1. Please compute the per residue accessible area over the stretch 9-74 with all protein chains in place, 1.4 Å probe, rounded to a whole number of Å².
2. Identify all lysines with a Cα-Cα distance to residue 45 below 23 Å; exclude those on the same chain that are fewer than 8 residues away in sequence.
3. Among the listed pairs 13/73; 13/66; 37/73; 13/50, give every one whose C-alpha distance is greater than 26 Å.
4. Which order do the peptides 27-33, 42-48 take when ranked by the mean count of other beta-carbon atoms within 10 Å per residue, highest first?
5. Taking only Cα atoms and a 10 Å spring cutoff, compute GNM fluctuations for the chain and point out the largest among 56, 23, 39.
6. On the protein heavy atoms, probe 1.4 angstrom, tell me the percent of accessible surface of the chain carried by carbon and sulfur.
7. Could you tell me which of 53, 5, 27 has its Cα farthest along the dipole of the chain towards the positive end, charges placed at Cβ (Lys, Arg +1; Asp, Glu -1), taken about the Cα centre?
8. Can you work out ³J(HN,Hα) from phi for every residue in the stretch 44-53, in order, using Karplus 6.51 cos²θ - 1.76 cosθ + 1.60 and θ = phi - 60°, giving whole Hz and x for Gly and Pro?
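The values are calculated or read from the model by the stated rules, or taken from the named source; none is laboratory data. Please read all numbers here as calculations on a predicted model, not as lab measurements. Every residue, glycine as well, gets a Cβ built from its backbone with ideal geometry; the counts of neighbours run over all protein chains shown. Note: accessible area is taken over every heavy atom of the protein model, side chains too, but ligands, DNA and RNA are not part of it. Shrake-Rupley method; radii C 1.70, N 1.55, O 1.52, S 1.80 Å.
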Amino acid sequence: MKQGIYPYQIRDKKAEIYLPIYIERQIGDHIQLVSDKQIIYYKGKKTEDKTEVYIITNPSDVNFVKENSTFNKH
C-alpha cells in the first residue's frame with residue numbers, strides 16, 4: 001500500500017491546497033473544499049468548475065508539497 005498525504009492543510013484560518021490547477025486562478029477567486037464528498041469547487045470572475053479531491057501518493061508530488069508548503073517553513 002502506498003503512503004500518501006492529504007491534498008490540503010488548514011491551520012489558523014489559513015489553507016493550502018495541493019491539487020493540479022488546469023485553469024488559471026486569481027486572488028479573490030472563491031474555493032470551497034468539501035472533504036467528506038472529496039470535491040473542490042472553484043468560482044472565479046470568468047470560470048466556474050469542480051474537481052475531485054484525492055490522496056497524493058506520487059513521491060515527486062509528495063516531495064514538492066514537503067519542500068514548498070508555507071506551513072513547513074515556520
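1. On the way: 5600 Å² over 66 residues.
Accessible area per residue: 85 Å².
2. 14
3. Values: 13/73 17 Å; 13/66 20 Å; 37/73 30 Å; 13/50 22 Å.
Distance filter (> 26 Å) returns 37/73.
4. Those peptides, ordered most packed to least, come out 42-48, 27-33.
5. 23
6. Details: 3280 of 6420 Å².
Of all accessible area on the chain, carbon and sulfur atoms account for 51 percent.
7. Positive-most Cα among the choices belongs to 27.
8. Values per residue, Gly and Pro as x: x, 5, 10, 10, 8, 7, 9, 8, 6, 9 Hz.
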